[in-house]
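Colleague: I'd like to ask you about the structure that follows.
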């Protein structure tokens, strides 16, 4: 164990199994508490080549009432394809755009168009607000990227929103290997695919000895089924992570820690690409 500030003990390393790392502020803040962060992406997404489904959706875009971008990647791919089809984005004025997070909203605004409303804190809330503004006959097109937007799609089904899903990426393994895991190491994952990848490198017995912090519901479910001790974040911020580390000695399996890490001065929020929480 590493001794942190105020005599608190923290794990030696936090191993981030996330595909992309956009949390440099989290690295820095955790380092202040004597916690070493290691980024080890085991999976990577690649745009689908010759994506005929996306091309068909672009050609038939006028039949939809809503266009949903879970993340910025999907928005960029769609507008690039729209440009290739020589479709003027201004002719799509009847279509209401929806972003799953702030990055997606920025990608939309960059193209000179605007979303129907800003993204909410979770995809569940975003879809609920969308349902309040739509009628039963309306249909949505959801571009699913590397995360396949499970929370968003499930929410659409729950609120009775008709939608078509078009995948734009495929997930591949990076081939990177875990070094020897120390007893006090924490794993952090945001995708079930990352959990599946790490399971291929750890035995069932080894998994039962390690704690995995799940940034999304999907990752948490996959980790629990794989036999990890699972901690779930209900507030995605560095203070929330620090509190989770402090609970290491207590009950961890199937734990949902309700932490108010977001919204206070000095907090560093972890970007949530899927919009899910660990509730």
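The values are calculated or read from the model by the stated rules, or taken from the named source; none is laboratory data. A quick note: this is a predicted structure, and the numbers were derived from the prediction, not measured. Note: ideal-geometry Cβ built from the backbone for every residue, glycine included; neighbour counts use all protein chains shown.
Colleague: Going by what's in this entry, would residue 124 be described as over 24 Å from residue 47 (Cα atoms), touching a helix residue (DSSP H, G or I) at 6+ places or on another chain (Cβ under 7 Å) and modelled with pLDDT under 90? Give the steps one after another, and end with the answer.
Modeller: On the way: over 24 Å from residue 47 (Cα atoms): yes; touching a helix residue (DSSP H, G or I) at 6+ places or on another chain (Cβ under 7 Å): yes; modelled with pLDDT under 90: yes.
So residue 124 fits the description; yes.
Colleague: Answer with yes or no whether residue 37 is within 30 Å of residue 241 (Cα to Cα), surrounded by 17 or more Cβ atoms within 10 Å (Cβ to Cβ) and in contact with a helix residue (DSSP H, G or I) (Cβ under 7 Å, 6 or more places away or on another chain). Steps first, answer last, please.
Modeller: Working: within 30 Å of residue 241 (Cα to Cα): yes; surrounded by 17 or more Cβ atoms within 10 Å (Cβ to Cβ): yes; in contact with a helix residue (DSSP H, G or I) (Cβ under 7 Å, 6 or more places away or on another chain): yes.
So residue 37 fits the description; yes.
Colleague: While we're looking at this one, here's another question. Of everything in the stretch 162-209, what is within 30 Å of residue 135 (Cβ to Cβ) and touching a residue at least 60 places away in the same chain (Cβ under 8 Å)? Give them in sequence order. Break it down into steps so the answer makes sense when it comes.
Modeller: Residues of the stretch 162-209 that are within 30 Å of residue 135 (Cβ to Cβ), as a first pass: 162-168.
The answer is 163, 164, 166, 167, 168.
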